[in-house]
1. Hey, could you check the stretch 32-54 for residues that are among the hydrophobic types (A, V, I, L, M, F, W, C) and surrounded by fewer than 23 Cβ atoms within 10 Å (Cβ to Cβ) and say which is nearest to residue 217 (Cα to Cα)?
2. With respect to residue 249, determine if the residue is out of contact with any strand residue (DSSP E or B) (no Cβ under 6 Å at 6 or more places or on another chain) and over 27 Å from residue 7 (Cβ atoms).
3. So for the stretch 215-224 (the condition being under 18 Å from the mean Cα position of the chain (by Cα) and surrounded by fewer than 18 Cβ atoms within 10 Å (Cβ to Cβ)), does at least one residue qualify?
4. Quick one: which residue in 56, 117 is more than 25 Å from residue 266 (Cβ to Cβ) and among the charged types (D, E, K, R)?
5. Which of the numbered conditions does residue 209 fail, given that it passes all the others? Conditions: (1) surrounded by fewer than 15 Cβ atoms within 10 Å (Cβ to Cβ); (2) over 22 Å from the mean Cα position of the chain (by Cα).
6. Check the stretch 3-24 and report whether any residue there is of a type outside the set (S, T, N, Q), crowded, with 16+ Cβ neighbours inside 10 Å and not in a strand (DSSP E or B).
7. Given the condition out of contact with any strand residue (DSSP E or B) (no Cβ under 6 Å at 6 or more places or on another chain), closer than 27 Å to residue 215 by Cα and not small (Gly, Ala, Ser), answer yes or no: does some residue in the stretch 76-92 qualify?
8. When the stretch 99-109 is examined, which residues are found to be of a type in the set (A, V, I, L, M, F, W, C) and either assigned to a helix (DSSP H, G or I) or free of Cβ contacts under 8 Å to residues at least 24 places away in the same chain (or both)?
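The values are calculated or read from the model by the stated rules, or taken from the named source; none is laboratory data. Being a predicted model, the structure only gives us computed values, none of them experimental. For neighbour counting, all protein chains shown are included, and Cβ atoms are generated from backbone atoms with ideal geometry for every residue, glycine included.
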Amino acid sequence: MKVRVRTPSRLHITLIDLNGSIGRVDGGVGIALEEPHMEVAGIKSEKLCIAEEKFRNVAIKLQKHFRFAVDLEILSSYRQHVGLGSGTQIGLAVATVYAALAGKKMSINELASLVGRGGTSGIGVAAFGYGGFIVDGGHSTKVKSSFLPSSASKAPPPPVIARHDFPDWKIVIAVPEFSGAYGSAEVDLFSKNCPIPLEEVRELSHIILMQMLPAVVEEDLDAFCRALNRIQRIGFKRIEVERYDIIKNLLDAIDCAGMSSTGPAVFAITDTDARSVSREIEGFFSDAGFGCETIITRARNRGAEVELL
């Protein structure tokens, strides 16, 4: 038997509460994307046969748990450490292959725990499971008492508290040629800047609940853009954005745009000429001396595809 898995990618719009005084930390808002995507196909094997190290490292851990190896073909992949959630999608894709080959039905949270994902934001895990526009409720401070990125957190995936189909708006993704914060640099970003002032967390929560969520449900692009623009300028997202002068300037110049996670991937949402928005972003990076890859895509309102061949 062969198992094929196709995953979404995701935009991480913002973390919600890195103050924690109310008894919860983290929380996240994001959107599952059709492109870019991961796609793998695997069969049981006498020994691990995986060409790419980032997939092989996950499989080594899973091999110890399931007690067999796989031959895994990488059909589609995308860059790591750019803010599009590749680590979670790799982990869940490989874990899904293993579980299916083992004949085990496992929940998305069980799979995420096996590969250590969802310890801060639950957006990537929920994007794999359900797709769409997602808000997660973060972690109780009884479970997670410190401010850490997912890569350094052992907390379980947080609960999804809202999930809606995202409107059929065009989403322009631009990935410049430099990388975002990861590893120790990402841990330092959290430790040096948290807790976030409570008044900023309150404003952000108000925007998400009373502006962004209704805008998605009512398909009101203007209201969604106002919410997205303001989110780039408050809370932990402001700190993430201000690490890059070029991205801060870009977001000041382009309407309805944001940075995903710790960057450097940026995105813009439009219902008109996405190609002209794409060219404008490419020109912005080019003028600053950076190349960038752009993709025009849409939200993916369903989770990963799993096929037994």
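1. Here the answer is 41.
2. Working: out of contact with any strand residue (DSSP E or B) (no Cβ under 6 Å at 6 or more places or on another chain): yes; over 27 Å from residue 7 (Cβ atoms): yes.
Here the answer is yes, as residue 249 does meet what is asked.
3. no
4. The match here is 56.
5. (2)
6. Of all residues in the stretch 3-24, those of a type outside the set (S, T, N, Q) come to 3-6, 8, 10-13, 15-18, 20, 22-24.
From what is left, the residues that are crowded, with 16+ Cβ neighbours inside 10 Å are 3-6, 8, 10-13, 15-18, 20, 24.
Add one more test, that the residue is not in a strand (DSSP E or B), and what stays is 18, 20.
Yes, the stretch 3-24 contains at least one residue that is of a type outside the set (S, T, N, Q), crowded, with 16+ Cβ neighbours inside 10 Å and not in a strand (DSSP E or B).
7. Checked against the condition, which is being out of contact with any strand residue (DSSP E or B) (no Cβ under 6 Å at 6 or more places or on another chain), closer than 27 Å to residue 215 by Cα and not small (Gly, Ala, Ser), the stretch 76-92 yields no hits at all.
8. Within the stretch 99-109, 99, 100, 101, 106, 108 meet the criteria.
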